[in-house]
Every structure is written in C-alpha cells, then in structure tokens.
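First the structure, in the form of structure tokens, and then the observations on it.
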Amino acid sequence: MGTGGDGDKAAPALPLEALLALGLDQRTAENALVNSKVTANLAAVIAEAGIKECDKSVGNHLYAVATKYPTNALVHRPVLIKYVLSTKIKNPAQLDAALSFLSNTGPDSLDIKKFEESCGVGVVVSIEEIKSTVTNVLEENMEAIKEQRYHINVGTLCGQVRKRHPWGDAKAIKEEIDKRLAEILGPKTEADNIKPVKKKKEKPAKVEEKKVAVATSAPPSEEELNPYTIFPQPEENFKVHTEIFFSSGNIWRAHNTKEILEKHLKATGGKVMTRFPPEPNGYLHIGHAKAMFIDFGLAKERNGHCYLRFDDTNPEAEKKEYIDHIQEIVHWMGWEPYKVTYTSDYFQALYEHAVELIRKGLAYVDHQTAEEIKEYREKKMNSPWRDRPIEESLKLFEDMRRGLIAEGAATLRMKQDMQNENKNMSDLIAYRIKFTPHPHAGDKWCIYPSYDYAHCMVDSLENITHSLCTLEFDIRRPSYYWLLVALGLYQPYVWEYSRLNISNTVMSKRKLNRLVTEKWVDGWDDPRLLTLAGLRRRGVSSTAINSFIRGIGITRSDNSLIRVDRLEYHIREELNKTAPRTMVVLRPLKVVITNLEEGKVLDLEGKMWPDASDTDASSHYKVPFSRIVYIEKTDFRLKDSKDYYGLAPGKSVMLRYAFPIKCTDVIYGDSPDDIVEIRAEYDPLKTSKLKGVLHWVAEPTPGVEPLKVEVRLFEKLFMSENPGELEDWLGDLNPNSKEVIKDAYAVPSLATAVLGDKFQFERLGYFAVDTDSTPEKLVFNRTVTLRDSFGKAGPK
C-alpha cells in the first residue's frame, strides 16, 4: 500500500480546528499537523472535497485518502473523494479496495464500471445479513468454540464472515461475533483469563514412513523437476501481499504501487534478488542447508543474485569465529554470494527511518521494563508513554543515541495496535540501548535495532524480491508489512516454508549451544551433530545434503518429522558411486594359516570398484596374504548354524580376493570364552564353493604388525525420535552414540589416505579420514552404515 502525498508542495497553514471539524480525534489531528507531507495532502483533499465539516466516518475516510492515496494515480483522486462524500464508499474494506484498484490503474483512463465492481459500490450488506452469516460461521466452528471458549481466534472467525461479505462493515462483524460469543459462552471464568499454553506438544509430529525410496513409474511433476516454479516473477510484485487487520476494524492491504515497483525493477534490472540472512551466533546446521537451497537456489535458477547477509543486530552474541565459519561453509555448500553484507551496514539508514517513524506519530520512546511490557501486552493495555508528544520522543530518542539514558531505561517502540489479536502487532520494540561495542560497526552506536524492525527494512533497502523464511515467521508477516507500509517503502514478496525437522537430533541453536558449551559433544563439528561442520567432518558431502534437500521439496507442511534414515539414503547413494572399496578389521582375531609356509607372502589384488575390469590396474590395490591373517571377532563362532555364514570349527569360508580357509583348531586363553587364536588351512586351488565371504587383513611382512588405524563409530545422538519435545531432553542422549576403536587393522594401501578421502570398508560401512589424523596414525569416522540399521542391533 503506497503512501500518498505530493512531497514537492509546501504544507499550507491548516488550523487544528479544520481537522477536528472533519471528525478526527484530537491526537490524530495533532499528529497530522506535525508531518508536513500529511498536512499538505489533507489540505489538498479538503480543497478537492470542497467541505469544511463532515461526520466522523467520512472524515476518517478522507484522512485515509490523504495518507494512503497512491501518487501514481493523483489524477483520479477527486473521483474517489466524490464516492466517499456520497457514501457510495462507506467502509474501510471498500476504501482499501478502491485505493488498490487506483494504484494498479495509475494515470490511465478510469473504467468507472470496473472501479465500482472492484470496491463494492452499490452493494449493501445489511445488519440482518451479517447476523445470519455470523450465526452460520459460529455453528460451523461450534466444536472449536466450545473447546477453546474465549481463547478462540476471533480474527479467524471475522475473516470467514468477511469472505462471504467482503463489503460488510468489519467493525459491525466483530461486534456481532463478540456479542454472540458472550451469549454462547456466558461470563468469562478464571480459566478463560489464563493465557493458553502453546499446543505445540499436543499434536504429535507426523513421522514419515520408514521407506526412503519408493519406485514409481509416474513421471516427475514440473515442481519436482524444478522446485522454484512456485515463486512469482519480480514484475508480478504488485498484488496484495497480506491483509493487516486492526482491532479498530481497519484493514491495510499491503502491496507495491506501480511507481514503487517500477523504481525497484529499474534498480535491479528485473532480476531476482534473494538473501540468506543467518545470525552470527553459532554454527550452521542442516536446517540452514534448506534455507540456502531455497535462497541461493532460486536466485541461481532465475539467473539472479543472492546476498549473504549477517543479521548482526545483537552485539553480545556475535563472534568473528561464527562469521568466518558461515562464509566458509556457504562456499562449501556450493553457493556463491552476490555480496556479503551486514545489517549493521544499514544502521544509519535504519536510524533515520526510526526518526521518520516518530515524526509520523508511529513510534514512541517507552520506559516500561520488560516485565511491564509483557504484562501490558497480556492485558492489551497501552503503555503510559504511548501518547507522549512527538517532539518529546524525538528528543529522548536522540538522548538514547548519544548514550545519555541508562541501559534498560528506555526503548523505542512502534505504535502498532496493542489491542490486536496478533501479539506481533503489540507495539514491537524497534530499538534498545546496549553499551556494548559491535563486532562489525565498532563503538559508534549504543542503540541497536531489533530483528522485527531491521529485517524487513534491510530486505527493502537491498531490493530483495523474494523474502523467504520458515513458517514460525508467518505470524510476523503483518508487522513486517506494517512497517514498510508506514514508511512508504518497497515491499518484497514474503513466502514461508516448513522448518526441516529431522529425527533423533536437535536443531535449536540454544540446545546446540548447550550441547557444545557443556561438553556433551566434542565441539560444533562433532560428527554426531547435524551441524554442517559436523556432517562434513563425518564424511558427508555438500552434494549429498543438497540432494536430500531437493528430495524433500520446498513445502509449507509444518508437522512432519523427516527420519534421519532418509538423509542417510542420499549419503549412501553418493558414496556407493564415489568411495573406493578397501578392507579394515575393527576387532582383530588372529588366524594362523598352518599350511602356508612361514615367510611366504602372496601379493593379491583387491578391487576398488565392484565392476572394475581385471585389466584396469588403477582400479585395484595390493593385498598381501601371509601366514598370519586377522578377521573380525564377530565373524567366528564356536557353534555353527544354517543362517550363519562366518567361520566355525570344521567350517570353511572365503577370504575376500583370496582363498577359502577351514578352521582346524581353536586356541583359548585363560578361560573358555577367551579365544586368542584360530588355526586354519587354506585351499590354494579354490575348489570349494562357499556362501560366506569375510574381509580380512594380513601381516604385510612376516612378523610385522598390519597398519594400525583408529576408527570412530557413531550412532544417533538421541534415543527418541523427537528429543526436542522432551522436558529432560539431555536425559535422552544416547550413551552409546560414540565408540572409539583405537587399534583396528588396515591393508597397507590405506597408509596414503589424506583428509578428504572417503572409502567403503567392505562389510562395515562408509568411512572418511578425520581431522585428528596425524602422520603417525590415521583416524577414520564412520559416515554411514552399508544398510539401514535403525532399530536393529546390527554389527557394529
């Protein structure tokens, strides 16, 4: 919704009495006279109307015409004024629709028939019709009304009535609903006055089916092939973004005027402009990978640009470590920012807009404590300082900026709507005092803007076309647009998508910070965390993460918990194609090949890839076979069974890439359970056909121990699928989430592995070289098992 006014004309002298004669209240009239633009527009509207006084309803509409009229359609303003004076346009809904129509029409010739249709001229909605529709709507919602009583969302009920009667009087609709609710429910009880507990925990998260890959013959939809088709083009950003409902019955329909949109398109060249705006107060997790996929991905798909913008409005929580990490991890994820910016780059512009907001009578300096603000919001009461004179707020805000007011003694609040059903319209804080130097801006400022104030403004200043965020910000959409409408700024297209919720982990920054700072895990890059640094250290690639994100899609469904198995599926799919095979024995059991002469070593070859050609030397690695061989302890049993394919007394198995061996003897230690050595004979002619195939490692040279490596096995960090919903979520930590095997044995070729290398340890899983590796000893992290072992006590 554009702001009206001819900024080039000087404001004529307009006495207070002239505005009071229009039916404006004292405060509105006084505030209007402070603003030169509003005064000029009011004087012009009064002159065009040719009146000196009118009733309050008409006067309020004329005031709205003066303050909201689109500048690109000034030629048609006298027409609109006639409709207001004749009461053909008589309620806020009609007026807002008329302003929207005229904004889209601009200076072009006015089609009166379409204009009247667009704003309901001649449509009469009687009180009887309103009462009848309210009755129907309440009956349709009666179950919820009886359950929620006075906690029912009245705004939603009003919206349902207004859908059927868009030109009905919004105030009359609300009054009728309030009256009927009182008749149905009776007096408020003590329970009705208690703030309802959030119902987040009452509705169990919908867990995805365990299947992660479903074969289908149906061709993929266009959205599956290109998930960004759901987003409009920049030139389409003239439609109403959202309706902002006020407790007074007024409605603002936020949208860009043609003039504002044309200015924006000229500045951007019509390109898509997005932003990825993390707070530099921690490491990024896989949820941020989804945000990057949407923000950077949309810009890339449309040949546009994406900013990496640090939302650095809280100087106490931000660290250079986090800034450096975020920039580095964004590049690792495969994205290239158009520019790296900081909200603090715009502190001066944000301050100037705050002063403008005060001058418009739309912000005030407040002295309530945080507890008092909370209490007044609950009671829907205005602050005692809400209606202080504009000049007084201007002076106090300047004192705040100069550091003359103590921290916590004052804030700047936006004058929105304290009686609004949406708490995010309850005069949100725009600025607070903090005597803390800023990591990026230095010590220039001691007042800092809030997220609610700065976020939408910087989106506008950077000419962002698509402001994309998660669904919990949906309720903040009215306050986002309220500020842009109030200042007459360009309005980006806002769209919310569902958060990425993955099982058996937490992704709240607060919870992650506790895990790290209280040392429940080994830092932000602990491979058990779903931080991007942790996933990378574990051996997961950015392409596998992006493939997973693309697979789940860009949805608005906010109640699904994605099983971590689905992420693991995408990791396996990639590593199966990219990780060469090799052999490592985690828990070695010594096997002596009694019929192989001492000192003899056979040089065999193992395949790096299952389908490697026998003639391709680059796809093979050397595997020494000697008298001393090691197999996994779990691959030997004293008692055989039909479904067991490992080694047992008197039984034969195949050693991978080598020969069949048959167990001939078992050597015990101090107890019958302590098996220290197996004696076996090998079949050099390979005459046996065996089902059981074991991985193994041999002494590379007689008497020389195989290559020792450290292997770290990771399981899910939490035992419950949704630990974040538990009160004692730390008590749900899996005590067996990490196992360190210090002395595993590996084939000699693995000695040349370096950081970044990934392998499939045959029969064990996929592993990656860890950052703790040294020239003396390699360390490997298990990235993922070969198969889904969720809920199974499979081999470790």
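Among the numbered conditions (1) out of contact with any Leu (no Cβ under 6 Å at 6 or more places or on another chain); (2) buried (at least 16 other Cβ atoms within 10 Å of the Cβ), the only one that residue 442 does not meet is (2).
Looking at 87, 67, 156, 135, just one residue is assigned to a helix (DSSP H, G or I) and touching a Ser or Thr at 6+ places or on another chain (Cβ under 9 Å), and that residue is 67. Evaluate the following for residue 603: is it open to solvent by 20 Å² or more (accessible area, probe 1.4 Å), free of Cβ contacts under 8 Å to residues at least 60 places away in the same chain, more than 28 Å from residue 700 (Cα to Cα) and in contact with a Lys or Arg (Cβ under 8 Å, 6 or more places away or on another chain)? Judged against the criteria, residue 603 is not a match. Here residue 464 fulfils each of the conditions (1) buried (at least 19 other Cβ atoms within 10 Å of the Cβ); (2) among the aliphatic types (A, V, I, L, M); (3) out of contact with any Pro (no Cβ under 9 Å at 6 or more places or on another chain) apart from (3). The number of residues in region 92-116 that are open to solvent by 10 Å² or more (accessible area, probe 1.4 Å) and either polar (S, T, N, Q) or not in a helix (DSSP H, G or I) (or both) comes to 8. For region 696-717, the candidate set comprises residues that are in a strand (DSSP E or B) and of a type in the set (Lys, Arg); within that set, the residue that is surrounded by the most Cβ atoms within 10 Å (Cβ to Cβ) is 712.
Scanning region 718-739 turns up no residue that is open to solvent by 20 Å² or more (accessible area, probe 1.4 Å), small (Gly, Ala, Ser) and at positive phi.
Screening the candidates 518, 496 for the property of being without any contact (Cβ under 8 Å) to a residue 60 or more places away in the chain, more than 24 Å from residue 354 (Cα to Cα) and of a type outside the set (Val, Ile, Thr) yields one hit, 518. In summary, residue 291 fulfils each of the numbered conditions (1) over 16 Å from residue 467 (Cβ atoms); (2) surrounded by 20 or more Cβ atoms within 10 Å (Cβ to Cβ) with the single exception of condition (1). The set of residues in region 608-643 that are without any contact (Cβ under 8 Å) to a residue 12 or more places away in the chain and either in contact with a Gly (Cβ under 7 Å, 6 or more places away or on another chain) or surrounded by 13 or more Cβ atoms within 10 Å (Cβ to Cβ) (or both) comprises 612, 637, 640.
Checked against the criterion of being over 30 Å from residue 668 (Cα atoms), hydroxyl-bearing (Ser, Thr, Tyr), modelled with pLDDT under 95 and outside the structural domain of residue 285 (by the TED database), the candidates 543, 555 yield just one match: 555.
Considering region 42-82, and only residues there that are out of contact with any helix residue (DSSP H, G or I) (no Cβ under 7 Å at 6 or more places or on another chain) and either without any contact (Cβ under 8 Å) to a residue 12 or more places away in the chain or farther than 22 Å from residue 31 by Cα (or both), the residue that is most open to solvent (accessible area, probe 1.4 Å) turns out to be 82. Considering region 316-334, and only residues there that are open to solvent by 10 Å² or more (accessible area, probe 1.4 Å) and in contact with a Ser or Thr (Cβ under 9 Å, 6 or more places away or on another chain), the residue that is modelled with the lowest pLDDT turns out to be 316. Go through the residues of region 585-597 one by one and say whether even a single one is without any contact (Cβ under 8 Å) to a residue 12 or more places away in the chain, touching a helix residue (DSSP H, G or I) at 6+ places or on another chain (Cβ under 9 Å) and open to solvent by 10 Å² or more (accessible area, probe 1.4 Å). Checked region 585-597: no residue is without any contact (Cβ under 8 Å) to a residue 12 or more places away in the chain, touching a helix residue (DSSP H, G or I) at 6+ places or on another chain (Cβ under 9 Å) and open to solvent by 10 Å² or more (accessible area, probe 1.4 Å).
Among the residues of region 695-703, some residue qualifies, meaning at least one is at pLDDT below 95 and more than 17 Å from residue 622 (Cβ to Cβ). Restricting region 381-434 to residues that are part of a helix (DSSP H, G or I) and touching a Cys at 6+ places or on another chain (Cβ under 9 Å), the residue that is farthest from residue 364 (Cα to Cα) is 401. Within region 482-502, one or more residues are touching an Asp or Glu at 6+ places or on another chain (Cβ under 6 Å), within 25 Å of residue 718 (Cβ to Cβ) and assigned to a loop (DSSP other than H, G, I, E, B). Among the residues making up region 339-359, a single one is surrounded by fewer than 21 Cβ atoms within 10 Å (Cβ to Cβ), touching a residue at least 60 places away in the same chain (Cβ under 8 Å) and not in a helix (DSSP H, G or I): 341.
Evaluate the following for residue 508: is it surrounded by fewer than 18 Cβ atoms within 10 Å (Cβ to Cβ) and free of Cβ contacts under 8 Å to residues at least 60 places away in the same chain?
no
The residues listed here are 153, 136; of these, the one that is touching a residue at least 60 places away in the same chain (Cβ under 8 Å), loosely packed, with under 15 Cβ neighbours inside 10 Å and under 40 Å from the mean Cα position of the chain (by Cα) is 153.
This table checks each residue for (1) out of contact with any Ser or Thr (no Cβ under 9 Å at 6 or more places or on another chain); (2) touching a residue at least 24 places away in the same chain (Cβ under 8 Å); (3) buried (at least 18 other Cβ atoms within 10 Å of the Cβ).
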residue	(1), (2), (3)
471	no, yes, no
486	no, yes, yes
503	no, yes, yes
525	no, yes, yes
545	yes, yes, yes
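Restricting attention to region 294-311 and to residues that are part of a strand (DSSP E or B) and open to solvent by less than 10 Å² (accessible area, probe 1.4 Å), the residue that is farthest from residue 347 (Cα to Cα) turns out to be 306. Among the residues of region 395-407, are any within 31 Å of the chain's Cα centre (by Cα) and assigned by the TED database to the domain that holds residue 482? Within region 395-407 (the criterion being within 31 Å of the chain's Cα centre (by Cα) and assigned by the TED database to the domain that holds residue 482), the answer is no, since none of the residues qualifies. Looking across 121, 79, one residue alone is part of a helix (DSSP H, G or I) and β-branched (Val, Ile, Thr). It is 79.
Taking the listed residues 213, 182, the one that is surrounded by 11 or more Cβ atoms within 10 Å (Cβ to Cβ) and either modelled with pLDDT of 85 or more or under 37 Å from the mean Cα position of the chain (by Cα) (or both) is 182, with no other qualifying.
A residue that is part of a loop (DSSP other than H, G, I, E, B) and touching a residue at least 24 places away in the same chain (Cβ under 8 Å) occurs somewhere in region 448-462.
The values are calculated or read from the model by the stated rules, or taken from the named source; none is laboratory data. In this text the structure is predicted, and so the values were computed from the model without any measurement. We place every Cβ from the backbone using ideal geometry, glycine too, and count neighbours over all the protein chains shown. Quick note on the areas: whole protein, heavy atoms, side chains included, nothing else; ligands and nucleic acids left out. Shrake-Rupley method; radii C 1.70, N 1.55, O 1.52, S 1.80 Å.
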